[in-house]
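**Student:** One structure is given below, represented as structure tokens, and several questions about it will come after.
The values are calculated or read from the model by the stated rules, or taken from the named source; none is laboratory data. Predicted model only: the values in this text are computed from it and were never measured. As a convention, Cβ positions derive from the backbone with ideal geometry for all residues, glycine included, and neighbour counts pool all protein chains shown. Only protein heavy atoms, including side chains, enter the accessible area calculation; ligands, DNA and RNA are left aside. Shrake-Rupley method; radii C 1.70, N 1.55, O 1.52, S 1.80 Å.
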Amino acid sequence: MTPAKTSYVCLPCRASYKQPRSGDHARVCPRCAQELIHVGSAFAAPRRRDVAAWRTLTVLLHAGVRFHKSCCGGPGWRPRSLREVRERMAYAKASGEPIARSLVRYDLP
């Protein structure tokens, strides 16, 4: 049986790679040799030239948000614009809620 494939990204190269999830060894980018970030099997990469989407993704990944499948099939809602990220970061600061939890909220109270 073939191991399930999962996604890894290189933020400086704005590249995504599907690789088998076998073992916990570090994977490196074939373009720049930096370590790849494991993002999960439900990840859909933005186009390389969509700089704003990659900035949004960078904030999500540095906050610890990943794209793993849930019981309903997908990773759940994720912000797709910098405006949505800023709104949720401001909410996290005002409410004291952890940033990672605020970033995956669909609606803000």
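**Student:** Which of the residues spanning the stretch 96-107 are in contact (Cβ under 8 Å) with a residue 12 or more places away in the chain and either surrounded by 12 or more Cβ atoms within 10 Å (Cβ to Cβ) or part of a helix (DSSP H, G or I) (or both)? Can you show your working first?
**Tutor:** Step one: filter the stretch 96-107 for residues in contact (Cβ under 8 Å) with a residue 12 or more places away in the chain, giving 99-100, 102-106.
If the condition is that a residue be in contact (Cβ under 8 Å) with a residue 12 or more places away in the chain and either surrounded by 12 or more Cβ atoms within 10 Å (Cβ to Cβ) or part of a helix (DSSP H, G or I) (or both), then 99, 100, 102, 103, 104, 105 are the ones that fit.
Matching residues to (1) out of contact with any helix residue (DSSP H, G or I) (no Cβ under 7 Å at 6 or more places or on another chain); (2) assigned to a strand (DSSP E or B); (3) open to solvent by less than 30 Å² (accessible area, probe 1.4 Å):
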| site | (1), (2), (3) |
| --- | --- |
| 46 | no, no, no |
| 57 | yes, no, yes |
| 60 | no, no, yes |
| 64 | no, no, no |
| 78 | no, no, no |
| 85 | no, no, yes |
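**Student:** Could you grab me the full set of residues in the stretch 29-44 that are buried (at least 17 other Cβ atoms within 10 Å of the Cβ) and modelled with pLDDT of 90 or more?
**Tutor:** Looking only at the stretch 29-44, we keep the residues that are buried (at least 17 other Cβ atoms within 10 Å of the Cβ), and these are 29, 36-39, 42-43.
Across the stretch 29-44, the qualifying residues are 29, 36, 37, 38, 39, 43.
**Student:** Filter the stretch 29-47 down to the residues that are farther than 23 Å from residue 59 by Cβ and aliphatic (A, V, I, L, M) and list them by number.
**Tutor:** Taking the stretch 29-47 and keeping what is farther than 23 Å from residue 59 by Cβ, we get 30, 33.
33 - this is the single residue of the stretch 29-47 that is farther than 23 Å from residue 59 by Cβ and aliphatic (A, V, I, L, M).
**Student:** Another one. Give the residue that is modelled with the lowest pLDDT, with candidates limited to residues of the stretch 10-28 that are farther than 13 Å from residue 41 by Cβ and assigned to a strand (DSSP E or B).
**Tutor:** That would be 28.
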